[in-house]
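Here is the structure we will look at, set down as structure tokens.
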Amino acid sequence: MTWRLAILAVLLAGFPGAVSAQGTIERLYVLDCGHGRAADMSRWTPGLNVGTPFDVRDNCYLIRHARGWMMWDTGIPEAVARMPDGLVAAGGAMVWKRPRTIAEQLGQVGVAAADIKLVAVSHTHPDHVGNVGMFPAATVLIQKAEYDWAFGPTRSFPFSADIAARKLEGDHDVFGDGSVRILSAPGHTPGHQVLLVRMAATGYVLLSGDAVHFRDNWENRRVPSMNTSKEQTLASLQRIADVLKELKAELWINHDRVQSEQMKRPPRFYD
């Protein structure tokens, strides 16, 4: 084994056959899953930008693999599209709107909700699990630590406990060919995870979930005040940086408005 493969084996530890697996997905769609307006940026940048409002985007991702369809995160609830003034969340700290629904965007590419067999969620905050229930045929891929935290006695259920869930304990090769890999990245929440996707033309892309919220936080390693563990967050950010460097991967930051507005939208896709 070369030194480069040895490093990769360490970075992606936990995947049986992670180094040798070389599969790719067929296509990836970036769905618009909500627009947010935050009243105070300092929640994400402690000690800085106090009282400064800013805009965020909320993306979901539809993945086509030879073995079927998968969703990564499900965004703000579809019902928000029918609310003219949007949804006021987090005690007034955020207002969410839905210019487009998931159903509308799936329709653009000829996919029905029942076609999707896997839904993986980065974590259980409402802007990431708002539509888990619209995929009745899917199994949810979630870290056991996240599930236990979200469905514990002191938490309200983020989605129905009747929904089939596979509780992961660490990294997971979703299709067994290295094309879609869940990487454990706790800190924002106890069981937060990110998604590493490999495409034939685009190469590797890492979908951030809320491991990082926008470009400035990534570049300066800022830890939002609402994160459950600063130490875990910083360790996860370093792991992400190592994977990006080794695989020459792109980082797609879920809530970053500038990056989000430059992305292809359905019916266009990445491959």
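The values are calculated or read from the model by the stated rules, or taken from the named source; none is laboratory data. No experiment lies behind these values; they were computed from the predicted model shown. Backbone-built Cβ (ideal geometry, glycine too); neighbour counts: all protein chains shown.
Of all the residues that make up the range 81-95, how many are out of contact with any strand residue (DSSP E or B) (no Cβ under 8 Å at 6 or more places or on another chain) and on the phi > 0 side of the Ramachandran plot?
So the count comes out to 3.
Just the residues that are buried (at least 21 other Cβ atoms within 10 Å of the Cβ) and more than 26 Å from Gly170 (Cβ to Cβ), please, taken from the range 98-129.
The answer is Arg98, Thr101, Ile102, Leu106.
Give the residues of the range 189-215 that are in a loop (DSSP other than H, G, I, E, B) and not β-branched (Val, Ile, Thr), sorted by residue number.
The answer is Pro190, Gly191, His192, Ala200, Ala201, Ser208, Gly209, Asp210, Ala211, His213, Phe214.
Quick check: is even one residue across the range 103-119 in a loop (DSSP other than H, G, I, E, B), in contact with a helix residue (DSSP H, G or I) (Cβ under 7 Å, 6 or more places away or on another chain) and of a type outside the set (A, V, I, L, M, F, W, C)?
Within the range 103-119, none of the residues are in a loop (DSSP other than H, G, I, E, B), in contact with a helix residue (DSSP H, G or I) (Cβ under 7 Å, 6 or more places away or on another chain) and of a type outside the set (A, V, I, L, M, F, W, C).
Out of Gly176, Gly170, report the one residue that is in a loop (DSSP other than H, G, I, E, B), modelled with pLDDT of 95 or more and touching a Pro at 6+ places or on another chain (Cβ under 9 Å).
Gly176
Please work out which one of (1) surrounded by fewer than 20 Cβ atoms within 10 Å (Cβ to Cβ); (2) assigned to a strand (DSSP E or B) is the condition Trp218 fails and give its number.
Single failed check for Trp218: (2).
Conditions: (1) over 16 Å from His123 (Cβ atoms); (2) in a strand (DSSP E or B). Gln238 meets all but one. Number of the miss?
(2)
Condition test on Lys264, is it in a loop (DSSP other than H, G, I, E, B), surrounded by fewer than 14 Cβ atoms within 10 Å (Cβ to Cβ) and charged (D, E, K, R)?
Yes, satisfied.
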